[in-house]
1. Can you confirm whether Cys77 is within 16 Å of the ligand (Cβ to nearest atom), at pLDDT 85 or above and surrounded by 15 or more Cβ atoms within 10 Å (Cβ to Cβ)?
2. Condition test on Ser27, is it at pLDDT 90 or above, polar (S, T, N, Q) and away from the ligand (no atom under 16 Å from the Cβ)?
Amino acid sequence: MAGGAYLVIALFFGLSGGVVGKLKGSSFWLWFLIAGVIPVFGLLAAVVYRFDSDEPRRQCPRCGRVVMLHDALCTGCGNELDWVDADERLAVER
Ligand SMILES: [Zn+2]
């Protein structure tokens, strides 16, 4: 019974994640699999996926980690980051 319930949940989240991924221009089956294997987080990942990839990024001068442009602290080394001008933005492949 528990296995059957899990299957229904996995299928439900898989379909939701797949549809969301497809709507955002990604692969339906990729997100179907992700959301099906890790139901809640997979769906959340599909939902935030595009916003995340649209965000401008830059590189931390200390450790070289690529972080969000609006981040005040480096998520890799904790280095405090200054606000950067547009020409310093790092072009990251989509
Ligand atoms: Zn850093």
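The values are calculated or read from the model by the stated rules, or taken from the named source; none is laboratory data. Here the structure is a predicted model, which means the values were calculated and not measured. Note that each Cβ is placed from the backbone with ideal geometry, even for glycine, and that neighbours are counted across all protein chains shown.
1. Numbers: within 16 Å of the ligand (Cβ to nearest atom): yes; at pLDDT 85 or above: yes; surrounded by 15 or more Cβ atoms within 10 Å (Cβ to Cβ): no.
Spelling it out, it is not the case that Cys77 is within 16 Å of the ligand (Cβ to nearest atom), at pLDDT 85 or above and surrounded by 15 or more Cβ atoms within 10 Å (Cβ to Cβ).
2. Numbers: at pLDDT 90 or above: no; polar (S, T, N, Q): yes; away from the ligand (no atom under 16 Å from the Cβ): yes.
Considered against the rule, which asks whether it is at pLDDT 90 or above, polar (S, T, N, Q) and away from the ligand (no atom under 16 Å from the Cβ), Ser27 comes out as no.
Yes/no matrix, rows are residues, columns are (1) of a type in the set (Asp, Glu); (2) modelled with pLDDT of 85 or more; (3) over 30 Å from Asp82 (Cα atoms):
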position: Gly17; (1), (2), (3): no, yes, yes
position: Phe32; (1), (2), (3): no, yes, yes
position: Ala35; (1), (2), (3): no, yes, yes
position: Ala46; (1), (2), (3): no, no, yes
position: Arg50; (1), (2), (3): no, no, no
position: Arg57; (1), (2), (3): no, no, no
position: Cys60; (1), (2), (3): no, yes, no
position: Cys63; (1), (2), (3): no, yes, no
